[in-house]
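Participant: The structure's right below; bear with me while I get my questions together.
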Amino acid sequence: MTQHKRDRPAGARVKLIMAALTSAILLLAASPAPAQQSGPNQVLFGGKLIDGIGSDIQRVTPLAAGRLAVSHPSPIFPPTAKLTSGALVKVLIEVDEKGTVSNILGVDGPADLTSNASSAVQTWTFRPYIHAGKATPIVTTIPLLFQPAQGSSPAQVLYVPSTIRISGGVLAGLNEHKVIPQRITGAVSGTVVLQVLVDPHGYVAAATATSGPLALHAACEDAVMQWRYQPYLLNGEPTWVESTVVIRYNVGTPQ
């Protein structure tokens, strides 16, 4: 004897469809956004796309640009800057075929440092960049390390053109010494993301919190400045590296 399945009522079918649509929307919302990629006339800088880059302009690494630098006077360290640790400022510049800085395209770093950084870099000069046998304009990034006065050492600004960026996972694998951030009084929870600069000896030269609850920033920066890493080797030589550190707090306690 053949049994026939009873059709679901129309209302039940609508509920099932709505539930499926809701699940799909939630999955899409939870999926990470695709990474931004620069087009032929764009440069990705500081997490943003900078438009208007001519197709004839060559993209040059900070290291390659550093080898071409002829005159690079250091920015003045702002006396009003409130830094407890080093901070990295990056200036995106366009250099013409004569080696003169023709345009400041962007500045990324603490707000009280960016003006002095861009003003100084605007005066820099470079040897012409030769591409296909002729002088060619370039776009490059200038990394500057602002270090506050510590003990008998005065405040200073260092040009670190050999800096390369590595992933947070690679940097974590090089960690040799980690200091746990202080516990924060109060029910503060959240994730703090820090941009860090590690010198060729494995010491943290700069640690700047860029996101997360403000109440957690100082504790995270103070702790990460005490971390120690194995030197990162590029072609067998220790080099400066820039990367990301993530610290999570749950009700005032670092995880």
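Read the figures in this text as sums done on the coordinates, not as results from a lab. Everything numeric here is computed off the predicted structure, so don't read it as measured data. Cβ: placed from backbone, ideal geometry, glycine included. Neighbour counts: every protein chain shown.
Participant: Mind putting a number on the dipole of the stretch 165-254 about its Cα centre? Charges go on the C-beta only, +1 for Lys and Arg and -1 for Asp and Glu, and I need it in Debye to the nearest 20.
Facilitator: Taking the Cα centre of the stretch 165-254 as origin, the dipole is about 280 debye.
Participant: Name the residue from P200, S189, Q230 whose Cα lies farthest towards the positive end of the charge dipole of the stretch 158-234, charges +1 on Cβ of Lys and Arg and -1 on Cβ of Asp and Glu.
Facilitator: Of the listed residues, the answer is S189.
Participant: Cα-based count: Lys pairs in the stretch 43-161 below 24 Å, eight or more positions apart or different chains?
Facilitator: Lysine pairs meeting the criterion: 4.
Participant: Follow-up. How charged is the neighbourhood of V170? Take every other residue with its Cβ under 15 Å from the Cβ of V170, and add Lys/Arg as +1 and Asp/Glu as -1.
Facilitator: Net of charged neighbours comes to -1.
Participant: Let me ask another. Please compute the net charge surrounding P148, taking Lys and Arg as +1 and Asp and Glu as -1 over other residues with Cβ under 15 Å from its Cβ.
Facilitator: Net charge in that neighbourhood comes out at -2.
Participant: So how compact is the stretch 152-255: Cα radius of gyration and Dmax in angstrom?
Facilitator: 14.4, 47
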